[in-house]
1. Just checking, does the range 128-135 include any residue being away from the ligand (no atom under 14 Å from the Cβ) and crowded, with 20+ Cβ neighbours inside 10 Å?
2. Test Ala169 against the stated conditions and say whether it is within 16 Å of the ligand (Cβ to nearest atom), open to solvent by 20 Å² or more (accessible area, probe 1.4 Å) and under 16 Å from the mean Cα position of the chain (by Cα).
3. Give Leu491, Leu467, Leu505, Leu501 a once-over and let me know the one that is of a type in the set (A, V, I, L, M) and surrounded by fewer than 22 Cβ atoms within 10 Å (Cβ to Cβ).
4. Restricting attention to the range 237-256, and to residues there that are under 28 Å from the mean Cα position of the chain (by Cα) and within 12 Å of the ligand (Cβ to nearest atom), which single residue is most open to solvent (accessible area, probe 1.4 Å)?
5. For the structure I just gave you, tell me whether Val102 is within 16 Å of the ligand (Cβ to nearest atom), in contact with a helix residue (DSSP H, G or I) (Cβ under 9 Å, 6 or more places away or on another chain) and in contact (Cβ under 8 Å) with a residue 12 or more places away in the chain.
6. Go through the range 263-275 and count every residue that is modelled with pLDDT of 95 or more and touching a strand residue (DSSP E or B) at 6+ places or on another chain (Cβ under 8 Å).
7. Report whether or not Ile521 is within 26 Å of Asp609 (Cα to Cα) and free of Cβ contacts under 8 Å to residues at least 60 places away in the same chain.
8. Kindly evaluate Gly295 against the criterion of being among the small types (Gly, Ala, Ser), within 16 Å of the ligand (Cβ to nearest atom) and under 30 Å from Lys113 (Cβ atoms).
Amino acid sequence: MENIQSHLNDLKNQLNEYAYHYYVLDESLISDAEYDRLYQELLELERKHPEWITPDSPTQRIGDQLIEGFEKVKHAETMYSLANAFNRADLTRFIDRIEAMVGQGVTFVCECKIDGLAIAVTYQEGQLIRGATRGNGSIGEDITQNLRTIPSIPLKLRQPVTGEFRGEAYMPKAVFMKLNQQREETAQPPLANPRNAAAGALRQINPRKAAERELNVFMYGAAQTEGVQMDSQVELFEAFEKMGLRTNPLRQECQNLDEIWEFIEQVGQQRHDLPYEIDGVVIKVNQFAQQDLLGYTVKAPRWAIAYKFPAEMAQTRILSIDWSVGRTGVVTPTAVMEPVKLAGTTVQRASLHNVDLIRQLDVRLGDLVSIHKAGDIIPEVTQVLKDQRSTTSQPLMFPETCPICSQELVQLEGEVAIRCVNPNCPAQRLAQISHFVSRNAMNITGLGEKVVQQLIDIKLIETAADLYYLSVDDLLKIDHFKEKSAKKLYLAIQSSKGNSLERLLFGLGIRHVGVKAARLIAQKFGTIDAVMGAGPDQIEQIDGVGPMISRSLSSYFQQDDSRKMVERLKEAGLNLTYMGVSEERQDVNSDWLDQTIVLTGSLSHFTRDQAKQMLEGLGAKVTGSVSKKTDVLIYGDSPGSKLDKAQNLGITTMDELTFVSKLEESGVILDEREN
Ligand code: IVH
């Protein structure tokens, strides 16, 4: 018996050692196959002897329990943010002030400013006991279960150290690109940037989903440590490496501004080739004794500063405008430009969002424009160089008819978007069907946009309901489809018939009805017939469903086409009842439930009212003034005193862009900015 137990421990230590080399030191000691073999052996032993399973076993990284809610955690010491520097002069002032306070001969450590999310992990005698987000700096959220899924965070340190260690969790660029590609294939809106994607991953309530996001960390700070001696930032990094915490090797000790600047320039040149996103360089006083002398302002240490890279810009020429039609008929303009290098990639397309933006910018064909990348990734036109414009140039003509079906376009009152309102427009059909089959809707795998397009082109389907009438023989007509792939898709379609009602309600693509509202409505009414029979007043009585949603829902079901669609689905044998909460769906955006939110400043994506209704639709309460009861303050431009007050009270604040990305990420709003 003892022999088996010590073998089990050996296996565990061996596997942890290999993982340390692989994930922390970026070197592999054994082949993947060999690692897997040992891992399976450990799994098998643990299955036979569950009493010997310890939390630091590599098999215990991914929990199988859903997280009920993220508890609040008080940090051992405040997690400060950093003051910013934008040029060499700002850095000169930073250094002068330090030298005035502690004297000459200060040395610095320069590190990359990783564009991720600050985290704090606590170890007790070497055992990982907790992981948390930064939150408002003094109180964060307990995300231990999700952080445990990150393989470079040791479950057990290589030394029995106690303390809180800090760093940045991030999503590698390659993972981010892969994730967005997958989202595109399943007709989900893309995530705005790796930072938002990482934030979303860490707030998943299903650790398995968090693990799929393949996050990584770089550690760079500590608080209240015991059992390890560190007197400077240089020593901290050395100690971290001995303990097994992953650090970023791209760092340098610098004696003066020239050396700091040289590092900044060197990193600036490399940054687009790095596998992770950085947005600047952090410069820290090296000696901790000097750091203590310098102390902190309310927000940030006086011993550190973040140099931010200037937003990269490029100039290029507008060649043409592409008009594309989305699911709800909104026609969106995209600028097609002469290809130009920008922030590491060649850019030739940029969304212009809507006709109002075109009017505001006064973009014209042939114009020279400035572009930048929002979140370092999404190209946007920021300015038209009007003085370079030819005298014969003409304002851009907006299409009057749909570029796909030629029906006349309309601009509805109060909207900036122009729409094709032809329900039979093929472009809308494509987008609608793609939405219908997407992951948070009917979740039919194997039906990417290209396949849907083909099925429409060969006239096998017109609406999503037609999918359920396809035979294996029909599916064999799709390019490159063989018996096996056709059968597989057929089965995927058929098995989606059993989905619970909320998936269908969301999949119908009714304006403003997001995942959450669909669930609340399905839960309340139970069957599609009951939903269709309900008037807006009844629907609005549901806690969390506002008038915008209820009006949209009942007007949808008043249309003949919608009713016909439901009839066809019914005839095909779809389940049209609510079947209770399923685990699959739970991880979709529980973020806003029961949160008290305050909106302030001017929002650019929605009116205040629309944002309010949307939040209410997600189960949040929106109030007018900031108090201790407020959970989150969302702010737009010129936020004023509410933002100050919220910050003083330590309330979480969120800018509009983050808010929008959160909504997009959870599938609440789609990529068309309709208003
Ligand atoms: S030090 C008191 N080092 O930048 C020192 N921060 O704008 C606080 N960040 O909240 C942080 N890379 O999330 C530090 N090498 C680095 C960093 C870094 C990224 C983030 C961190 C912090 C934010 C401040």
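1. Looking for residues that are away from the ligand (no atom under 14 Å from the Cβ) and crowded, with 20+ Cβ neighbours inside 10 Å, one finds at least one in the range 128-135, hence yes.
2. So Ala169 fails the test.
3. On the way: Leu467 fails: surrounded by fewer than 22 Cβ atoms within 10 Å (Cβ to Cβ); Leu505 fails: surrounded by fewer than 22 Cβ atoms within 10 Å (Cβ to Cβ); Leu501 fails: surrounded by fewer than 22 Cβ atoms within 10 Å (Cβ to Cβ).
Leu491 is the lone residue from the list that is of a type in the set (A, V, I, L, M) and surrounded by fewer than 22 Cβ atoms within 10 Å (Cβ to Cβ).
4. Arg251
5. No; evaluated as a whole, the condition is false for this residue.
6. At the first step, the residues of the range 263-275 found to be modelled with pLDDT of 95 or more are 263-267.
Next, from what is left, pick out any that are touching a strand residue (DSSP E or B) at 6+ places or on another chain (Cβ under 8 Å): 263-264, 267.
Qualifying residue count for the region: 3.
7. Taking the combined requirement at face value, the residue satisfies it.
8. It is true that Gly295 is among the small types (Gly, Ala, Ser), within 16 Å of the ligand (Cβ to nearest atom) and under 30 Å from Lys113 (Cβ atoms).
The values are calculated or read from the model by the stated rules, or taken from the named source; none is laboratory data. What you see is a predicted model, and the numbers here were worked out from it, not measured in a lab. Cβ coordinates were reconstructed from backbone atoms using ideal geometry, including for glycine residues, and neighbour counts include every protein chain displayed. When the accessible area is computed, the model is the full protein with side chains, heavy atoms only, and any ligands, DNA or RNA have been set aside. Shrake-Rupley method; radii C 1.70, N 1.55, O 1.52, S 1.80 Å.
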